[in-house]
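Worksheet: one structure, shown below.
The values are calculated or read from the model by the stated rules, or taken from the named source; none is laboratory data. All figures in this text were calculated on a predicted structure; none of them were measured in a lab. Backbone-built Cβ (ideal geometry, glycine too); neighbour counts: all protein chains shown. Side chains are part of the model used for accessible areas, which takes the heavy atoms of the whole protein and leaves out ligands, DNA and RNA. Shrake-Rupley method; radii C 1.70, N 1.55, O 1.52, S 1.80 Å.
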Amino acid sequence: MRRRRDGKSAAISRQVLLGAALALAIGVSPAMATLLPAGFFDRVPVAQGQQMAITADRMDYNQSTGAVIAEGGVTLSYQGYKATADRVTYDQKTGDVTLIGHVAVRDPDGVEYTTDRADVTGGYKTAFLHSLAVMTPDGALVTADSADYAKALKTTLENASYAPCGHCVDDKGRTIGWRLRAVRMVLNQVTHIVYIEQPRLEVLGVPIAWLPFMWAPDPTQPGHKPIGRIEAGYDLQYGVKFGVPLYIPTGATSELFFTPTLFSRQGLMLGLDWHQKAGGLDYSVSASGIYQLDPSAYAGEPGNRRWRGALQTSGHFEPVDQWTVGWSYTAFSDPAYLKDYDKESGDYVTNEVYAEHLGRNTYANIRAQDFRLIGNVTSAAQDKQARTLPNARGAAVIDLGDNAGRIALEGSVLGVSRAADDAETVNGIDYVHGFEGGKSHAMGQAGWTRQFETGAGVLFTPYLGVRFDAASYDGASSLASAPPDSTLFAATPIAALDMRYPLMARMPGAVHIIEPIAQLVYRGNTGTETGITNDDAQSFVFEDTNLFSYNRFSGADRQETGLRANVGAHYQANFADGSWYDIVFGQSFSIAGANAFATSDAAQTGTSSGLSTNASYFVAGAKASFAQGLTLGGKVQVDPAGPRVTRGVATGEYDRDGFSVGVDYAFDAADAALGVLADRHEVGTRFGLPLDDYWKATAGFDWDISAQSWLEASAGLQYDDGYVAMGLTYTATGPTNTSPNDHRIMATFMLKGPDGQPL
């Protein structure tokens, strides 16, 4: 520590100077810390009487006024805080501390605060900063002509601005990013509400939006929902759309957003969004509605009515440790409302209540669900949707210790009811996705496994287990393929052995690993449809990702049976130049017993799966990168009886220095058993061409080779400087697309924070 004393400075009390230093540490620092970036409000250290390191070129004490003055390169360090100034004065009588000239503070997290002058008054409880500038470690900049701080009440910034991009000028002198300016910003530290007077948003240095005033939730407080985005768009049926979300302050634990949206053809829609977080309860309620001026725009559709609207709510809470209980519910005037007005993009919504447990070695999920179609659907289509009560599953792992392996437990209970059959016919082939009536199915499975290693490096992993099933169906369906009113009870012993022999070869600039894999799996049951009706195991494609699976069906309603062998290998290579490749290939063989894939159900699961014969189709998957920015991949399924390729996918993409090009190809062979009468060949390309540092032109084109017709074409222009992203894209579909002859123009606009994430 360096000190030079002149005249009366020799009589300076060390405790007096420490008082001034502590005033800075616990007064000025928290004042500067009450600003926008997350965590600013909890940076104040609790003084425990520790000493502070102090240096200055000159320090004086005025006995008549009781003032301590430090001048010339003053540096104060305390509990990770470091402050510098040209001059610091401390008035012992009033407790006021003043820092003058090139004031700078760095807190323990690396946030830097700079200002010309800082006054700490009133026993350290308030502070007033002049010409404040705060630069956070991630580069965001907050400026203000002055800042008032009252510890228990509020922070006020005059003529303030916030910019996630700092000074928002790149190394070529161009203005980038965005900045929020305001005549005044006031943070209420009790209600955690920010009041902003005359906010003005600037994008690329150009003012684009202004409001007389607005409120916003404190962005540093957890649990608050972000302010919604301005909505703009166009649709033939509702016209031009423009909506602005307005925040209405309601308290420290809740938000209310009011969103009026104007549609040039349909009129004014009003929306309210309420979010409340109190204790462990977190829930939201959203409501919107419109009186349509021109309902005939939806002639022949559910939306052909005057009044339309929807109510949605969701929430969750934790009644006990490791358990979460929640709900989600949607009610609407008509099923097309949410999609017609761009509030939902999917095909259905799920009304449900649930309870979920997640522990270190245990998991449970219990739900009651009602699936409701949205869009231009009829009431008859709604009757086909399932209700599940319950839909429960759970799992647990017990480590036996002492190298004795582990026991895995799993189970599920599924109850499904439908008011009508969900069936369709495709080119003469019947598909039943769900039968009318009620079905229930309970399954439980327990198994033991442990890995053994031989001296030669061969890995053996045996598995021994048993599965129990109990199912019933009330036989309400009148379809010819429907099972009768029936029940099922079954026990299935399971035994499996996984054998692997990983081999590694190291050579200059490369590492190669090849792992031959062989499995034997036995399931001692002839009943493949354990659920009587198949409601949860309808999705199945045999490929490299499930080649080495003990049970490839996606749900409990189906199971593999008999004795089966899976044989193949996994090969990986990594090179010093960064290139690599990863290949998996193999085949599966039905050796004895009932082959579950030779039995198709009403949903056609198992039909033409490639596993119905004693020797399955050959499958392979590969991924590789041979140069920086280049990635390749592909999957193939080959029928060895032909031989012929039955399914294949290939992709390639190059992305470097802003330039990108990608190609995709997909092939599915014709299969009359599935109602697919012609081969499907499709190829797609996409391009991205940088125009300068931030602008890029994009294009894409998909072609249906089999039909000799185009599927989709698009072109666009995009801008992205890391803080502002915007673009315009035109898309058109061809005659063989699932949505033919559709033309759309999509405009995007996005503001990003200093971490690059969308606001």
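The table that follows gives values for the structure above.
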| quantity | calculated |
| --- | --- |
| Given (1) touching a strand residue (DSSP E or B) at 6+ places or on another chain (Cβ under 7 Å); (2) open to solvent by 30 Å² or more (accessible area, probe 1.4 Å); (3) basic (Lys, Arg), number of the condition residue 360 does not satisfy | (1) |
| All positions within segment 63-95 that are modelled with pLDDT under 75 and not in a loop (DSSP other than H, G, I, E, B) | 76, 77, 78, 81 |
| Residue within segment 376-384 that is surrounded by fewer than 18 Cβ atoms within 10 Å (Cβ to Cβ), free of Cβ contacts under 8 Å to residues at least 12 places away in the same chain and part of a strand (DSSP E or B) present | no |
| Candidate set: segment 127-151, residues that are open to solvent by less than 50 Å² (accessible area, probe 1.4 Å) and within 20 Å of residue 190 (Cβ to Cβ); chosen: the one modelled with the highest pLDDT | 147 |
| Condition broken by residue 632, with the remaining ones in (1) under 30 Å from residue 483 (Cβ atoms); (2) without any contact (Cβ under 8 Å) to a residue 24 or more places away in the chain; (3) open to solvent by 60 Å² or more (accessible area, probe 1.4 Å) satisfied | (1) |
| Among residues of segment 576-591, those that are more than 17 Å from residue 545 (Cα to Cα) and open to solvent by 50 Å² or more (accessible area, probe 1.4 Å), counted | 5 |
| Residue count for segment 505-535, restricted to those that are surrounded by fewer than 14 Cβ atoms within 10 Å (Cβ to Cβ) and either basic (Lys, Arg) or at pLDDT 95 or above (or both) | 1 |
| Test for residue 642: is it farther than 30 Å from residue 424 by Cα, part of a loop (DSSP other than H, G, I, E, B), open to solvent by 50 Å² or more (accessible area, probe 1.4 Å) and free of Cβ contacts under 8 Å to residues at least 12 places away in the same chain | yes |
| Residue selected from segment 152-188 under the condition on the phi < 0 side of the Ramachandran plot, surrounded by 18 or more Cβ atoms within 10 Å (Cβ to Cβ) and in contact (Cβ under 8 Å) with a residue 60 or more places away in the chain, by the criterion nearest to the chain's Cα centre (by Cα) | 164 |
| Subset of segment 238-287 that is of a type in the set (Gly, Ala, Ser) and touching a residue at least 40 places away in the same chain (Cβ under 8 Å) - its residue that is most open to solvent (accessible area, probe 1.4 Å) | 252 |
| In segment 288-315, residue surrounded by the fewest Cβ atoms within 10 Å (Cβ to Cβ) [restricted to those that are part of a strand (DSSP E or B) and aliphatic (A, V, I, L, M)] | 311 |
| Residue list for segment 337-375, filter: of a type in the set (Lys, Arg) and in contact (Cβ under 8 Å) with a residue 12 or more places away in the chain | 339, 343, 367, 372 |
| Selection status of residue 626, without any contact (Cβ under 8 Å) to a residue 24 or more places away in the chain, open to solvent by 70 Å² or more (accessible area, probe 1.4 Å) and not acidic (Asp, Glu) | no |
| Flag if residue 621 is more than 36 Å from the chain's Cα centre (by Cα) and either in contact (Cβ under 8 Å) with a residue 24 or more places away in the chain or open to solvent by 30 Å² or more (accessible area, probe 1.4 Å) (or both) | no |
| Residues of segment 677-720 that turn out to be touching a residue at least 60 places away in the same chain (Cβ under 8 Å) and in contact with a strand residue (DSSP E or B) (Cβ under 9 Å, 6 or more places away or on another chain), as a count | 2 |
| Residue list for segment 571-604, restricted to those being assigned to a loop (DSSP other than H, G, I, E, B) and over 24 Å from residue 642 (Cβ atoms) | 576, 577, 578, 579, 593, 594, 601, 602, 603 |
| Test for residue 410: is it more than 30 Å from residue 363 (Cβ to Cβ), in contact with a strand residue (DSSP E or B) (Cβ under 6 Å, 6 or more places away or on another chain) and open to solvent by 60 Å² or more (accessible area, probe 1.4 Å) | no |
| Whichever residue in segment 655-676 is free of Cβ contacts under 8 Å to residues at least 60 places away in the same chain, in a strand (DSSP E or B) and of a type in the set (Asp, Glu) and, among such residues, is most open to solvent (accessible area, probe 1.4 Å) | 655 |
| Positions within segment 288-336 being among the hydroxyl-bearing types (Ser, Thr, Tyr) and either more than 18 Å from residue 368 (Cα to Cα) or free of Cβ contacts under 8 Å to residues at least 40 places away in the same chain (or both), in sequence order | 288, 291, 296, 298, 313, 314, 324, 328, 329, 333 |
| The listed residue being at pLDDT 95 or above and in contact with a Leu (Cβ under 7 Å, 6 or more places away or on another chain), out of 268, 293 | 268 |
| Single residue of 415, 438, 401 found to be over 32 Å from the mean Cα position of the chain (by Cα) and more than 16 Å from residue 479 (Cβ to Cβ) | 401 |
| Of residues in segment 441-487 being open to solvent by 40 Å² or more (accessible area, probe 1.4 Å), touching a Pro at 6+ places or on another chain (Cβ under 9 Å) and not in a loop (DSSP other than H, G, I, E, B), the one modelled with the lowest pLDDT | 452 |
